[in-house]
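Here the structure comes first, spelled out in structure tokens, and everything after it is commentary.
The values are calculated or read from the model by the stated rules, or taken from the named source; none is laboratory data. The structure presented is a predicted model; accordingly, all values stated were derived computationally and were not measured. Cβ: placed from backbone, ideal geometry, glycine included. Neighbour counts: every protein chain shown. For the accessible areas, the whole protein counts, side chains as well, though only heavy atoms, and no ligand, DNA or RNA atoms are used. Shrake-Rupley method; radii C 1.70, N 1.55, O 1.52, S 1.80 Å.
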Amino acid sequence: QAERDSLAEILAARPVWLAAGAAPSEVEMVVEAHRQAMRRSHRLLLVLVPDKPSNGPSLAETLEADGWVIGLRSRDDEPEPEIEIFVADLPEELGLWYRLAPVALMGGTLTAYGRARNPFEAAALGSAVLFGPHMGQWREGYERLRDAGAARAVSDGESLVRAVEYLLAPDKVAEMAAAAWEMTTSGA
């Protein structure tokens with residue numbers, strides 16, 4: 001809780017979205033969606049959690065070489081205001097980021113080359129859920145969340161940009177997060 005409170009203070013009222021467990025094949029699409037969404041919200045922060053924490057340093061290096069201002073959790077960086085993409089590469093912290101980011105793209109669902117994540121881990125911690133067409137063993141859960149208004153399907157980079165931009169509106173993301181919370185707690 002103390003770490004969550006400290007990070008929330010650093011983030012203040014900054015808009016944040018999360019790519020949770022992004023597979024290497026998804027990173028380019030996620031980063032391009034972030035680039036386009038930043039045109040609408042210049043303070044927008046992407047918290048990028050790689051599917052394997054060991055990929056964090058090389059991912060941060062690649063993104064820095066592409067001109068992004070990067071923070072890397074494993075080198076004790078904080079998501080300061082100038083950071084554009086924060087690579088959260090410490091294991092066991094995903095729940096912390098779900099609690100801080102009102103929107104979570106579930107990694108492994110955009111391309112067929114990742115392992116889809118359980119959508120209820122984000123929904124139960126207050127994130128509106130975005131997911132791609134590759135839902136794996138979690139198809140029923142994603143569909144239930146979508147039908148309840150707690151999740152939104154995206155099919156490609158363009159629809160991902162539209163979904164992120166739509167959910168930058170606090171009232172829209174709050175509706176989805178409330179629906180996610182209601183669904184997960186009613187089924188507990």
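Listed conditions (1) under 25 Å from residue 179 (Cβ atoms); (2) open to solvent by less than 10 Å² (accessible area, probe 1.4 Å); (3) at pLDDT below 95 are all met by residue 4, apart from (2).
Each residue in segment 7-16 was checked for being among the small types (Gly, Ala, Ser) and either modelled with pLDDT of 95 or more or touching a strand residue (DSSP E or B) at 6+ places or on another chain (Cβ under 6 Å) (or both), and 0 pass.
Residues of segment 122-136 that are free of Cβ contacts under 8 Å to residues at least 40 places away in the same chain and surrounded by fewer than 24 Cβ atoms within 10 Å (Cβ to Cβ): 125, 133, 134, 135, 136.
Considering only residues of segment 17-28 that are open to solvent by 10 Å² or more (accessible area, probe 1.4 Å) and modelled with pLDDT of 95 or more, which is nearest to the chain's Cα centre (by Cα)?
Applying the filter and picking the extreme gives 27.
Residue count for segment 49-80 under the criterion of being of a type in the set (A, V, I, L, M, F, W, C), in a helix (DSSP H, G or I) and touching an Asp or Glu at 6+ places or on another chain (Cβ under 9 Å): the result is 3. Could you list, in sequence order, the residues of segment 168-188 that are buried (at least 20 other Cβ atoms within 10 Å of the Cβ) and not aliphatic (A, V, I, L, M)? The one that is buried (at least 20 other Cβ atoms within 10 Å of the Cβ) and not aliphatic (A, V, I, L, M): 184. Cβ-Cβ contacts under 9 Å between residues 6 or more apart (or on different chains), taken from a first residue in segment 52-64 that is within 16 Å of residue 115 (Cα to Cα) to a second residue that is acidic (Asp, Glu), are listed as 52/89; 53/89; 55/89. Restricting attention to segment 92-109, does a residue exist that is open to solvent by 50 Å² or more (accessible area, probe 1.4 Å), of a type outside the set (Gly, Ala, Ser), assigned to a loop (DSSP other than H, G, I, E, B) and out of contact with any helix residue (DSSP H, G or I) (no Cβ under 8 Å at 6 or more places or on another chain)? Yes, segment 92-109 contains at least one residue that is open to solvent by 50 Å² or more (accessible area, probe 1.4 Å), of a type outside the set (Gly, Ala, Ser), assigned to a loop (DSSP other than H, G, I, E, B) and out of contact with any helix residue (DSSP H, G or I) (no Cβ under 8 Å at 6 or more places or on another chain).
For segment 16-33, what are the residues that are in contact (Cβ under 8 Å) with a residue 12 or more places away in the chain, out of contact with any Ser or Thr (no Cβ under 6 Å at 6 or more places or on another chain) and part of a helix (DSSP H, G or I)? It would help to see each step written out before you state the result.
Within segment 16-33, the subset in contact (Cβ under 8 Å) with a residue 12 or more places away in the chain is 16-27, 29-33.
Retained after the next criterion (residues that are out of contact with any Ser or Thr (no Cβ under 6 Å at 6 or more places or on another chain)): 16-24, 27, 29-33.
Passing the criteria: 24, 27, 29, 30, 31, 32, 33.
Of the listed requirements (1) surrounded by fewer than 19 Cβ atoms within 10 Å (Cβ to Cβ); (2) over 15 Å from the mean Cα position of the chain (by Cα); (3) part of a helix (DSSP H, G or I); (4) in contact (Cβ under 8 Å) with a residue 24 or more places away in the chain, residue 165 misses just one: (2).
The residue pairs whose first member lies in segment 1-15 and is under 19 Å from residue 72 (Cα atoms) and part of a loop (DSSP other than H, G, I, E, B), whose second member is at pLDDT below 95 and open to solvent by less than 80 Å² (accessible area, probe 1.4 Å), and whose beta carbons are closer than 6 Å, counting only pairs six or more residues apart or on different chains, are 15/41; 15/168. Any residue that is within 27 Å of residue 1 (Cα to Cα) and within 12 Å of the chain's Cα centre (by Cα) - is there at least one of those in segment 106-114? Scanning segment 106-114, I find at least one residue that is within 27 Å of residue 1 (Cα to Cα) and within 12 Å of the chain's Cα centre (by Cα), so the answer is yes.
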